[in-house]
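Reading through the structure tokens given below for one structure.
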Amino acid sequence: DAKTTQPTSMDCAEGRAANLPCNHSTISGNEYVYWYRQIHSQGPQYIIHGLKNNETNEMASLIITEDRKSSTLILPHATLRDTAVYYCIVRYSGNEKLTFGTGTRLTIIP
Amino acid sequence: GAVVSQHPSWVICKSGTSVKIECRSLDFQATTMFWYRQFPKQSLMLMATSNEGSKATYEQGVEKDKFLINHASLTLSTLTVTSAHPEDSSFYICSANKAGGAFTDTQYFGPGTRLTVL
């Protein structure tokens with residue numbers, strides 16, 4: 001699976017949009033971009049995934065650049081409960097493994 | 001929905017004893033489940049891939065005789081830590097693969113089990 005690069009940590013004010021970047025410059029054509037988050041002492045929570053088109057669900061939006069070398073997860077109106085470590089993972093469609101990096105520690109500031 | 005449960009949520013045991021952790025997919029069937037381990041302030045590390053009705057596939061460095069995995073049904077996988085020692089104390093997390101269309105399988109995770117070996 002392609003490696004990803006994420007900032008170690010970010011802060012965001014409560015109520016504002018949180019934009020979390022991820023670089024995956026070596027991604028190949030059949031690899032998907034997945035986002036998970038892990039709140040302290042809990043199992044990871046699936047957020048969203050995409051291949052090349054932008055995706056949106058009830059939790060977040062995923063913006064993937066046209067060359068697919070980077071993406072941004074957007075939490076439109078961050079709340080204190082969004083404080084967590086966010087993982088961007090690239091995975092082959094036929095490969096079921098998820099390889100977790102160090103992620104981005106997002107802190108929502110009141 | 002896609003809910004995965006784990007039991008127990010936490011366990012304390014004496015050194016040398018064995019501990020069994022259950023992982024269940026509650027509202028979907030999972031032919032493949034995964035077991036991860038997470039030490040404090042570290043990321044999740046995959047231990048093994050569990051396929052229903054067949055032997056688990058272990059990652060390099062994970063002792064298969066120490067971490068016994070059984071995936072007897074499409075909704076249940078178990079991890080048994082045999083002869084547990086203090087260094088096995090960790091947060092164990094399972095996930096279950098929910099099949100999607102066009103190869104977009106998604107893994108859903110359980111809440112984790114915190115194991116403390118005294």
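The values are calculated or read from the model by the stated rules, or taken from the named source; none is laboratory data. All figures in this text were calculated on a predicted structure; none of them were measured in a lab. Note that each Cβ is placed from the backbone with ideal geometry, even for glycine, and that neighbours are counted across all protein chains shown. Ligands, DNA and RNA are excluded from the accessible area calculation, which covers all protein heavy atoms including side chains. Shrake-Rupley method; radii C 1.70, N 1.55, O 1.52, S 1.80 Å.
Do we have any residue at all in the range B:93-106 that's hydroxyl-bearing (S, T, Y) and more than 9 Å from chain A (Cβ to nearest Cβ)? Among the residues of the range B:93-106, not one is hydroxyl-bearing (S, T, Y) and more than 9 Å from chain A (Cβ to nearest Cβ), which makes the answer no. Can you say whether B:P111 is open to solvent by 70 Å² or more (accessible area, probe 1.4 Å), in a loop (DSSP other than H, G, I, E, B) and within 19 Å of A:H40 (Cα to Cα), as far as the supplied structure shows? Spelling it out, it is not the case that B:P111 is open to solvent by 70 Å² or more (accessible area, probe 1.4 Å), in a loop (DSSP other than H, G, I, E, B) and within 19 Å of A:H40 (Cα to Cα). Residue selection: B:G16 satisfies the criterion of being farther than 30 Å from A:M59 by Cβ and modelled with pLDDT of 95 or more.
Only residues that are farther than 18 Å from B:K66 by Cα and surrounded by fewer than 24 Cβ atoms within 10 Å (Cβ to Cβ): list them for the range B:28-43, please.
Scanning the range B:28-43 gives B:F28, B:Q29, B:T31, B:T32, B:P40, B:K41, B:Q42, B:S43.
Note on the range A:53-69: residues that are over 14 Å from A:C22 (Cα atoms) and within 14 Å of another protein chain (Cβ to nearest Cβ) amount to 5.
Considered as a group, the residues in the range B:59-77 that are touching a Leu at 6+ places or on another chain (Cβ under 8 Å) and part of a strand (DSSP E or B) include one that is most open to solvent (accessible area, probe 1.4 Å), and that residue is B:L68. In the range B:3-14, the residues that are more than 16 Å from B:R37 (Cα to Cα) reach residues that are hydroxyl-bearing (S, T, Y) with C-beta atoms within less than 6 angstrom, at least six apart or across chains, in these pairs: B:V4/B:S25; B:V4/B:Y108; B:I12/B:T116. In the range A:8-46, what residues are away from every other protein chain (no Cβ under 11 Å), in contact (Cβ under 8 Å) with a residue 60 or more places away in the chain and crowded, with 19+ Cβ neighbours inside 10 Å? A:A18, A:L20, A:C22, A:H24, A:I27, listed by residue number.
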